[in-house]
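Read through the structure below, which is laid out as structure tokens, and then see the notes.
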Amino acid sequence: MSVDEVSAELALRLADAEARFSLAFEHAPIGKALVAPDGRFLRVNRVLSRIVGYSQAALLELTFQDITAPEDLDLDLDHLRRTLAGEIEGYTMEKRYIRADGTAVECQLDVSLVRNDEGVPQYFVSQVQDISERRLAEMALDEVRAAQRACLEALEQGVVMADLEGNVQLSNQAAWRILGGDPASFSDRVRNGTWNTYDVDGHLIPLEERPIIHTALTGEPVTDRVMYIIRDDGERVALRLATEPVFDDAGEVVSLVIAFADISHEHALAAAQRAADEEVRAGKVLLEAFLERSADLICVHDEQGVVLYASPTAETVLGHPLHAGDQMQWERVHPDDTDAGLAGFVDLIAAPGSTIRVEVRYRGDDGWRHLEIVATNRLDDPAVAGIVGNVRDITERAEAAAQLAWQAFHDQLTGLPNRALLMDRVGQALERSRRQGERVALLFVDLDRFKHVNDERGHEAGDHLLVEVASRLRRTVRAGDTVARLGGDEFVVVAEGGDETDIGALADRIRAALEVPVAFGDGSLPMSASIGMAYDAGHPPERLLRDADAALYRAKERGRNRVEVFNEALRVAAQRRANVETTLRRALDDGMVVGTEALVRI
């Protein structure tokens with residue numbers, strides 16, 4: 001074979017190897033990246049792109065530092081430096097990436113360094129796995145374990161789980177209170193064969209007939225066995241004992257669960273049996289009472305939504321009864337929440353062991369309520385074989401949040417939008433007008449001599465007048481116009497669409513509507529309003545509001561109860577007034593006033 005043929009063969013093999021590497025790299029089930037020593041992404045696969053929320057092309061414009069959570073970056077860079085220095089060959093760590101949408105995702109990162117034949121670093125190979133769901137599962141598992149431990153410690157009975165060598169794997173404090181000693185002494189006595197047991201008549205029980213030995217050898221549980229033991233301190237203790245084997249995957253006994261109660265102080269086995277039965281009954285009553293009095297609904301249903309179990313609180317939480325055999329009623333979920341809720345449950349059913357949390361509006365027999373649902377897929381758990389849901393009524397919390405949100409953007413007296421919401425509406429109106437080529441006008445409405453009403457009739461009359469003005473403005477404006485209250489007796493109308501004739505007619509209707517006296521007590525409150533109008537001239541919302549205010553000032557100057565339209569001369573006059581006011585204030589602050597001049601208009 002010639003040199004050219006050998007070169008061609010090598011080139012084909014290299015191309016084939018590159019193609020295989022690319023295929024494996026791109027279709028790997030976890031996120032993969034090739035990263036330059038300075039942190040630049042050289043190559044990324046689709047899974048990594050999906051994890052961090054950036055396109056593959058976008059990632060190639062970034063460094064790993066750009067998308068690493070700041071609190072995790074120093075540790076990552078330190079590992080990177082040590083790897084480049086040859087102190088370590090690579091590293092594994094858990095870190096958070098900042099996704100393109102600004103949210104954080106927890107991941108496990110495995111990094112190794114590729115060097116050339118001379119030992120010069122070429123690039124890092126990074127593998128990234130999203131562990132967010134694992135974190136949630138670990139948290140849920142920790143909660144379950146904590147609950148199990150709390151339940152275990154609440155028992156009066158002793159519980160010990162040990163392997164066949166006597167090594168204690170799990171126990172509660174009641175066990176050592178009954179047996180005496182501790183896990184270490186228990187293990188020693190098992191190894192030394194000194195855990196002798198005696199029957200109720202005090203005779204030593206043969207080794208092969210002892211409950212623990214029997215269960216270890218045969219795998220058969222023992223229940224309700226009464227016997228005696230001699231504690232380390234020499235005290236004889238009567239026990240009611242049960243054993244349960246724990247098997248490995250091959251069906252071999254690997255551990256034993258031993259549960260026992262101290263019945264030494266009972267005068268007879270019958271009394272001890274009655275006490276044990278009563279304890280069991282009380283436990284059931286306590287559990288039922290807990291489920292009945294719990295504020296939450298605990299329910300289990302299968303993949304088709306058929307209810308397998310529902311706690312007695314169902315009617316309290318849902319607003320209607322729910323029993324085993326009923327079908328989950330998705331038609332009661334608010335139409336705006338149905339799609340998201342169903343999508344969440346479809347994903348849940350497809351992922352055994354996963355958990356979702358959703359909030360929906362739900363129609364009970366007595367009206368709508370807000371529900372928070374935390375559901376876990378336990379279909380693969382033979383002990384459950386269903387979807388376990390914890391449903392909580394959060395109506396008060398949701399309504400309180402909605403009320404707070406409403407109060408933040410509305411006037412408490414009239415219910416109209418306040419300044420914050422007004423400026424947002426004005427901004428939106430200006431954006432629409434510039435897209436659609438329509439005009440926007442602002443009508444600044446101020447009641448004439450409103451202070452006299454408060455001074456002469458009291459604030460109750462003033463509030464009554466303001467509520468009536470708000471009502472008349474709502475009835476007078478056109479559909480699509482916005483009415484807001486800035487404060488005091490100042491109102492603003494945002495008028496969209498129409499020409500100057502339409503807007504002028506609207507202003508005249510408003511002025512006429514506000515000229516009608518307001519009934520109050522045995523009499524009436526006279527009323528009129530001055531209106532300043534300004535049209536959009538390409539300025540920001542604040543500027544448009546100032547222009548309307550300047551026009552309102554001119555309407556007040558010219559005798560009130562009239563409409564004035566803003567022009568540039570008004571802007572100049574407004575600026576002149578502001579300058580005069582600033583100069584007067586500065587003169588007062590400096591203490592250099594030598595005289596004043598005032599114009600009084602009657």
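The values are calculated or read from the model by the stated rules, or taken from the named source; none is laboratory data. Predicted model only: the values in this text are computed from it and were never measured. Counting neighbours? That spans all protein chains shown, and the Cβs are built from the backbone with ideal geometry, glycine included. Accessible surface areas use protein heavy atoms only, side chains included; no ligands, DNA or RNA. Shrake-Rupley method; radii C 1.70, N 1.55, O 1.52, S 1.80 Å.
Here is how the numbers come out for the structure above:
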{"item": "Selection count, the range 302-319, where residues are of a type in the set (D, E, K, R) and part of a helix (DSSP H, G or I)", "result": "1"}
{"item": "Within the range 530-544, tally of residues that are touching a Leu at 6+ places or on another chain (Cβ under 7 Å) and within 16 Å of R439 (Cβ to Cβ)", "result": "5"}
{"item": "The range 171-194 - residue that is open to solvent by less than 30 Å² (accessible area, probe 1.4 Å) and under 24 Å from E252 (Cβ atoms) and, of those, modelled with the highest pLDDT", "result": "S171"}
{"item": "Selection from the range 401-426 of residues that are touching a residue at least 60 places away in the same chain (Cβ under 8 Å) and among the polar types (S, T, N, Q)", "result": "T414, N418"}
{"item": "Among (1) closer than 26 Å to A398 by Cα; (2) in contact with a Leu (Cβ under 8 Å, 6 or more places away or on another chain); (3) touching a residue at least 24 places away in the same chain (Cβ under 8 Å), the one test that A314 misses", "result": "(3)"}
{"item": "Residues that are part of a helix (DSSP H, G or I) and open to solvent by 30 Å² or more (accessible area, probe 1.4 Å), drawn from the range 339-352", "result": "D339, A340, L342, A343, V346, D347, I349, A350"}
{"item": "Candidates T376, T313 - the one that is modelled with pLDDT of 85 or more and hydroxyl-bearing (S, T, Y)", "result": "T376"}
{"item": "Single residue of D502, D547 found to be in contact with a Phe, Trp or Tyr (Cβ under 8 Å, 6 or more places away or on another chain), charged (D, E, K, R) and in a helix (DSSP H, G or I)", "result": "D547"}
{"item": "Residues that are among the polar types (S, T, N, Q) and either over 56 Å from the mean Cα position of the chain (by Cα) or open to solvent by less than 30 Å² (accessible area, probe 1.4 Å) (or both), drawn from the range 195-242", "result": "N196, T197, T215"}
{"item": "When residues of the range 458-473 are limited to those that are more than 18 Å from D508 (Cα to Cα) and either among the β-branched types (V, I, T) or not in a helix (DSSP H, G or I) (or both), the one least open to solvent (accessible area, probe 1.4 Å)", "result": "G458"}
{"item": "Test: residue in the range 495-516 that is crowded, with 17+ Cβ neighbours inside 10 Å and acidic (D, E)", "result": "yes"}
{"item": "Filter result for the condition that a residue is modelled with pLDDT under 85, crowded, with 17+ Cβ neighbours inside 10 Å and charged (D, E, K, R), over D411, D393, D381", "result": "D393"}
{"item": "From R369, R357, R363, residue being within 16 Å of the chain's Cα centre (by Cα), more than 30 Å from E490 (Cα to Cα) and part of a strand (DSSP E or B)", "result": "R357"}
{"item": "Criterion (of a type in the set (K, R), under 17 Å from G102 (Cβ atoms) and either in contact with a helix residue (DSSP H, G or I) (Cβ under 9 Å, 6 or more places away or on another chain) or open to solvent by 20 Å² or more (accessible area, probe 1.4 Å) (or both)) met by exactly one of R50, R81", "result": "R50"}
{"item": "Residues of the range 550-569 classified as without any contact (Cβ under 8 Å) to a residue 12 or more places away in the chain and either part of a helix (DSSP H, G or I) or touching a Ser or Thr at 6+ places or on another chain (Cβ under 7 Å) (or both), total", "result": "3"}
